[in-house]
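I have placed the structure first, in the form of structure tokens, so that the comments after it can refer back to it.
The values are calculated or read from the model by the stated rules, or taken from the named source; none is laboratory data. Just so you know, these numbers come straight off a predicted model, no measurement behind them. Glycine also receives a Cβ, built like all others from the backbone with ideal geometry; neighbour counts cover every protein chain displayed. Remember, those area values only see protein heavy atoms, side chains included, never the ligands or the DNA or RNA. Shrake-Rupley method; radii C 1.70, N 1.55, O 1.52, S 1.80 Å.
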Amino acid sequence: MVWLNGEAKPLEGKTLREVLEELDVDLSRVAVLLNEEAYPGRELPHRVLKEGDVVEVVTLMQGG
Amino acid sequence: MDTWKVGDIELKSRLILGSGKFRDFGVMREAIKAAEAEVVTVAIRRVEARMPGHVGLLEALEGVCLLPNTAGARTAEEALRIARLGRVLTGERWVKLEVIPDPTYLLPDPVETLRAAERLLQEGFVVLPYIGPDLVLAKKLAALGTATVMPLAAPIGSGWGVRTRALLELFAREKASLPPVVVDAGLGLPSHAAEVMEMGLDAVLVNTAIAEAEDPVAMAEAFRLGVEAGRKAYLAGPMRPREVASPSSPTEGVPLGGPKR
């Protein structure tokens with residue numbers, strides 16, 4: 001299983017880009033944390049996800 | 001020109017706005033304009049599938065400097081993670097550091113904040129830490145090289161006003177050994193903002209008091225005026241309070257219709 005935004009999902013074998021395409025988000029407006037490395041949505045490393053990977057996909061929100 | 005600096009960024013406005021809780025982006029944008037704010041904070045959150053994310057938010061915040069925060073972090077490690085993502089999203093090196101373990105009072109964790117600040121500074125961040133009104137902690141953060149210290153006036157979103165005044169006065173007294181002091185959290189009225197500016201502190205950060213006002217745009221303007229009034233009063237050199245009254249009119253020559261007093 002791969003942890004995607006806090007939920008365990010069977011995403012092993014997929015690339016980061018494929019996962020983001022399935023989320024259907026605007027790549028220019030997200031950042032991705034793969035394990036502890038942060039990447040802009042448009043500059044994702046070509047990386048096939050494997051068991052135990054932790055992926056966070058985030059964006060800016062209103063906040064004080 | 002009366003300016004102040006956060007790191008190497010020179011600012012005219014001493015009112016930083018939080019972007020949370022506004023009912024829509026249009027009101028938020030108008031409020032930012034009325035406040036004449038140059039810096040606005042934003043949060044970092046997970047996206048949901050097929051959610052537009054911050055569509056419209058960036059457009060509404062065009063022309064201001066975005067200051068990403070680490071709100072939601074309960075530990076230094078979480079704050080570091082959020083800060084790195086904020087840097088990627090905004091392209092900015094600065095971060096409003098918040099490490100808050102307790103959701104009831106939303107008080108910042110001094111130990112984790114200090115740890116996170118140290119790591120963030122090593123990674124090249126410009127750090128604006130949110131802290132309790134703790135001068136010892138503020139000096140430790142200053143020694144590390146944070147760009148500001150941001151002591152609270154009262155708990156976040158409470159609107160209680162300057163409940164920590166006695167301790168903030170120590171910050172004012174020790175200004176020379178501190179980076180700019182930005183009073184963050186708990187201000188509910190423009191008079192609260194004026195009060196801390198009159199003390200000689202450098203700036204305020206306001207969110208809930210403006211966003212939750214019936215008319216956020218008018219309240220943003222009122223806060224701008226409060227900050228400006230307080231700052232001008234500080235620069236003007238306030239009188240010293242006396243223990244007894246002091247007449248404003250001459251005491252001699254009062255036409256009493258009788259003998260001189």
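Values computed for the structure shown
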{"item": "Local electrostatic count at A:N5 - Lys and Arg +1, Asp and Glu -1, tallied over other residues with Cβ under 11 Å", "result": "0"}
{"item": "Helix axis angle, B:110-122 relative to chain B longest principal axis, alpha carbon, degrees", "result": "70"}
{"item": "Mean separation of Cα contacts under 8 Å (6+ apart) over length of chain B, as relative contact order %", "result": "18"}
{"item": "Degrees between helix B:76-90 axis and first principal axis of chain B (Cα, 0 to 90, nearest 10)", "result": "90"}
{"item": "Proximal lysines relative to B:K175, as straight alpha-carbon distance under 22 Å, when same-chain residues fewer than 8 apart are discounted", "result": "B:K5, B:K12, B:K96, B:K139, B:K140, B:K232"}
{"item": "Contour minus Cα-Cα distance for B:A143 and B:Y105 (0.36 nm per residue)", "result": "10.9 nm"}
{"item": "Theoretical gain in end-to-end length, B:D2 to B:E48 [0.36 nm per residue, Cα-Cα removed]", "result": "12.2 nm"}
{"item": "Percent carbon-and-sulfur accessible area, the range B:104-261, ignoring ligands, DNA and RNA, probe 1.4 Å", "result": "55"}
{"item": "Tensor-based shape of the range B:20-133 (alpha-carbon gyration tensor, a/c under 1.5 rounded, otherwise prolate or oblate)", "result": "prolate"}
{"item": "Label-point separation in nm, B:A245 to B:A233, each point 7 Å along Cα→Cβ", "result": "2.2"}
{"item": "Loop GluC sites (Glu not before Pro), the range A:1-39, which have at most 12 other Cβ atoms in a 10 Å radius of their Cβ (DSSP)", "result": "A:E36"}
{"item": "Value at 222 nm in deg cm²/dmol, rounded to 500, when DSSP H runs of n ≥ 4 in chain A each add -39,500 (n - 2.57)", "result": "-3500 deg cm²/dmol"}
{"item": "Over chain B: helical MRE at 222 nm, DSSP H runs n ≥ 4 each giving -39500 (n - 2.57), nearest 500", "result": "-11000 deg cm²/dmol"}
{"item": "Overall dimensions of the protein assembly as shown by Cα: Rg and Dmax, Å", "result": "23.5, 105"}
